[in-house]
Amino acid sequence: MTEQTITREFQAETRKVLDIVIHSLYTERDIFVRELISNSADALEKFRHQSLVEKAEFDAHVPLEITIDCDDKRHTLTITDTGIGMTREELEVNLGTIAHSGSGEFWTRLAEAARKDVSIIGQFGVGFYSAFMAAKKIRVQTRSWDGGEGHEWESDGGGTYTIRPCEGLHRGTKVILELKDDAHEYASKFTIERIIKQYSSFVPFPIIVEGKKVNTVQAIWSRSKNEISEEEYTEFYKYIGNAVDDPLYRLHFSTDAPLSINALLYVPRENFEVLGMGRMQPGVNLYCQKVLIDQHSENILPEWLRFLKGVVDSEDLPLNISRQALQDNALVHKLRKVLTRRCIKFLNEQAAEDPEKYRTFWETFGIFIKEGITTDFEYRDDLAGLLRFASSKGDLVSLPQYIERMKEGQDTIYYINGPSREALEMGPYVELFRQRDIEILFTLEPIDDFVLNHLGEFQGKKLVSADRADLKLPETTTGQEKDGGAAGPGESLPAEEAGALCTFIKDALGDRVNEVIISTRLVDSPAMIVTADGYLTSSMERVLRATSGDEHLAMSGKKNLEINPASSLIRKLSALRDSDQDFARDVTEQIYDNAMIQAGLPVDSQKMVSRNYRILERMAEEL
Ligand code: ADP
């Protein structure tokens, strides 16, 4: 070892990944070849673009290509590219640390997921390390395009790596793998050619194995649709999306005006973010005349479309535009607008064409659409058309569909949040809707109310949560409403008595309720909590509780308790008020707690249980 050799420890996360790769992954080892070839292709793309931005002097004549050498005597596999290369500092950062800022838990989850599907390793910027599945030792010799000194990195995948200067290198990177005893097959040219055919046929640079070019360099997105087979489309998706499965949707289109665009975009099947894997980086690459300008571009699509994979090529962009300049480029803004509109239109078309398939999309990626509605004002209204909810009349209902089915005189879209359809259908909030045959959307995710609140209205119809105190349902003639409400007038508590009962209940509950009022909306249930606050509905309160992680959040909206004068319990309570005040208070408190629970709001469970025992005891006495 020379003086300039340094030995460093891998960053803790890297060690974890190495540990996963070396000790837990036994399936689909082939993919490491793909990962290394992708890295080489990326390095070549970067060089090609860099040399357009800034003239490269050093090794300018060296052709852009990937060369693979197999030595089945020494059991080594060598992958060489003439790409951008790495400086010493870059080597240390790129092959010693991991860019992904995941928590410890993230890596544990990744380990579990990778055990089932090794390809996801590549999704998290840790592809290089997958080579340790097959190699007992890896050397990386590299020299940056700037012509500075070359270096060699070496590691056996244990805790450390070394870097030392290395003479006589050309521009680019050579990765030399000393194969493990059980991985000698990767020094066979047939194995390598097979893997390249399977995974890397779309690499846009020549791949030369043992002196022979094995791929046809092509830009699939610039070919015409009818020349491309299904297999090619799928293979390209796998290549570009680092995926092993088929895509869910594919959108291939080109436009001439207002911009010339060739785009090939895919919706994957899996949403890694919901698997708790942290935020994905955008998956669409920007090309200009088939030259990669911006990989994982953050500029050409809004953030909420980060689940898409694919390529966008626009000849109108200046070839030598730098990545920094993309952000402020007016053409890029225009491109982004056209692409976003097209994607929304595409999803709408797909939803109309095959609702069941759209359901799969919605269940997997709906969360991104909701994110778009709350974060991207520009597309808010267009995106709202893609929303789907369960409702009292269906299970994949769109807002336009709801509007179409609205009753005469109805100018509002109603929704109510709850844990499940069953819970909502049993609860008090939907009673009057059922009676009047008015559709109500069931928002089963806490985030939904936040989204609908944000949206405010759709196609001129207000969106209103059904737990609001000021709810006014239109009178309809189609429902099964009996005269004068659910109970005949004789069965209902007389107004005066009901008023006195309200005062009694308010007195018993004190500040916990804003007002106690006689309900005009309850049909069967004795009581319910409604929100007197304009914004902070019960479900919004639940969202806040869930997101703040604070069960006993001090913040709570003003609530009214509505009582149903036709309910026999309420009528009995009214009588009880005169005969047994203490017991009447217990019953009141219990009714309040029950209503809180039905609103999904927290109650003091200890108090509730002891009260409940008192009530049970009293009942047992009476029997
Ligand atoms: P990813 O490629 O997903 O970023 P990797 O672990 O495969 O993650 O590689 C880490 C980084 O190392 C790359 O982002 C790149 O900067 C650098 N790198 C890897 N291989 C090469 C190569 N052949 N030429 C230049 N840089 C490379």
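Some notes on this structure:
- Listed by first and then second residue, the pairs with beta-carbon distance under 8 Å, at least 6 apart or on different chains, first residue in segment 389-417 and assigned by TED's automatic domain parsing to the domain that holds Ser538 and at positive phi, second open to solvent by 50 Å² or more (accessible area, probe 1.4 Å) and part of a loop (DSSP other than H, G, I, E, B), are Gly409/Glu475.
So that you can scan it fast, the table gives a plain yes or no per residue for (1) within 24 Å of His49 (Cβ to Cβ); (2) charged (D, E, K, R); (3) surrounded by fewer than 20 Cβ atoms within 10 Å (Cβ to Cβ):
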{"residue": "Pro204", "(1), (2), (3)": "yes, no, yes"}
{"residue": "Gln218", "(1), (2), (3)": "yes, no, yes"}
{"residue": "Ser222", "(1), (2), (3)": "yes, no, yes"}
{"residue": "Glu231", "(1), (2), (3)": "no, yes, yes"}
{"residue": "Asp256", "(1), (2), (3)": "no, yes, yes"}
{"residue": "Ala263", "(1), (2), (3)": "yes, no, no"}
{"residue": "Val267", "(1), (2), (3)": "no, no, no"}
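- Residue list for segment 66-101, filter: away from the ligand (no atom under 11 Å from the Cβ) and of a type in the set (A, V, I, L, M, F, W, C): Ile68, Cys70, Leu77
- The set of residues from segment 42-65 being within 13 Å of the ligand (Cβ to nearest atom) and assigned to a loop (DSSP other than H, G, I, E, B) comprises Leu64, Glu65.
- Meets criteria (at pLDDT below 90, more than 19 Å from Ala243 (Cβ to Cβ) and either among the β-branched types (Val, Ile, Thr) or within 13 Å of the ligand (Cβ to nearest atom) (or both)) for Ile120: no
- Within segment 510-546, the set of residues being small (Gly, Ala, Ser) and buried (at least 22 other Cβ atoms within 10 Å of the Cβ) comprises Ser519, Ser525, Ala527, Ser538, Ser539.
- Residues of segment 333-342 that are closer than 29 Å to Phe272 by Cα and surrounded by fewer than 21 Cβ atoms within 10 Å (Cβ to Cβ): His333, Arg336, Lys337, Val338, Arg341, Arg342.
- Residue within segment 525-538 that is free of Cβ contacts under 8 Å to residues at least 12 places away in the same chain and assigned to a helix (DSSP H, G or I) present: no
- The residues in segment 516-531 that are more than 11 Å from Ile570 (Cβ to Cβ) and out of contact with any helix residue (DSSP H, G or I) (no Cβ under 7 Å at 6 or more places or on another chain) can be counted, and the count is 2.
- Neighbours by Cβ (under 9 Å, 6+ apart or cross-chain): first from segment 71-90, more than 24 Å from Val291 (Cα to Cα) and assigned to a strand (DSSP E or B); second more than 10 Å from the ligand (Cβ to nearest atom) and among the polar types (S, T, N, Q): Asp71/Thr78; Thr78/Thr67
- Within segment 15-29, none of the residues are farther than 24 Å from Thr191 by Cα, assigned to a loop (DSSP other than H, G, I, E, B) and within 15 Å of the ligand (Cβ to nearest atom).
- Test: residue in segment 323-335 that is part of a loop (DSSP other than H, G, I, E, B), of a type in the set (Asp, Glu) and at pLDDT below 90: yes
- Restricting the first member to segment 428-457 and to residues that are free of Cβ contacts under 8 Å to residues at least 60 places away in the same chain and assigned by TED's automatic domain parsing to the domain that holds Thr547, and the second to residues that are buried (at least 19 other Cβ atoms within 10 Å of the Cβ) and assigned to a helix (DSSP H, G or I), the beta-carbon pairs closer than 7 Å and six or more apart or on different chains are Val430/Leu424; Glu439/Tyr402; Ile440/Val430; Ile440/Phe433; Leu441/Tyr402; Phe442/Leu424.
- Unmet requirement for Thr160, which otherwise passes all of (1) surrounded by fewer than 16 Cβ atoms within 10 Å (Cβ to Cβ); (2) more than 39 Å from the chain's Cα centre (by Cα): (2)
- Residue match in segment 383-392 (condition: of a type in the set (Gly, Ala, Ser), part of a strand (DSSP E or B), at pLDDT 95 or above and in contact with a Lys or Arg (Cβ under 7 Å, 6 or more places away or on another chain)): yes
- Evaluation of Arg115 against the conditions (1) at pLDDT below 80; (2) near the ligand (Cβ under 9 Å from one of its atoms) shows that the sole unmet condition is (2).
- Across segment 286-322, the number of residues qualifying as modelled with pLDDT of 95 or more, over 19 Å from the mean Cα position of the chain (by Cα) and either within 21 Å of Thr364 (Cα to Cα) or surrounded by fewer than 16 Cβ atoms within 10 Å (Cβ to Cβ) (or both) comes to 0.
- Of all residues in segment 590-608, those satisfying the criterion of being buried (at least 21 other Cβ atoms within 10 Å of the Cβ) and either under 16 Å from Cys502 (Cβ atoms) or of a type in the set (D, E, K, R) (or both) are Ile591, Tyr592, Ala595.
- Taking the listed residues Ser229, Ser201, the one that is more than 30 Å from Arg139 (Cβ to Cβ), more than 26 Å from the chain's Cα centre (by Cα) and either modelled with pLDDT under 85 or polar (S, T, N, Q) (or both) is Ser229, with no other qualifying.
The values are calculated or read from the model by the stated rules, or taken from the named source; none is laboratory data. Everything numeric here is computed off the predicted structure, so don't read it as measured data. As a convention, Cβ positions derive from the backbone with ideal geometry for all residues, glycine included, and neighbour counts pool all protein chains shown. Side chains are part of the model used for accessible areas, which takes the heavy atoms of the whole protein and leaves out ligands, DNA and RNA. Shrake-Rupley method; radii C 1.70, N 1.55, O 1.52, S 1.80 Å.
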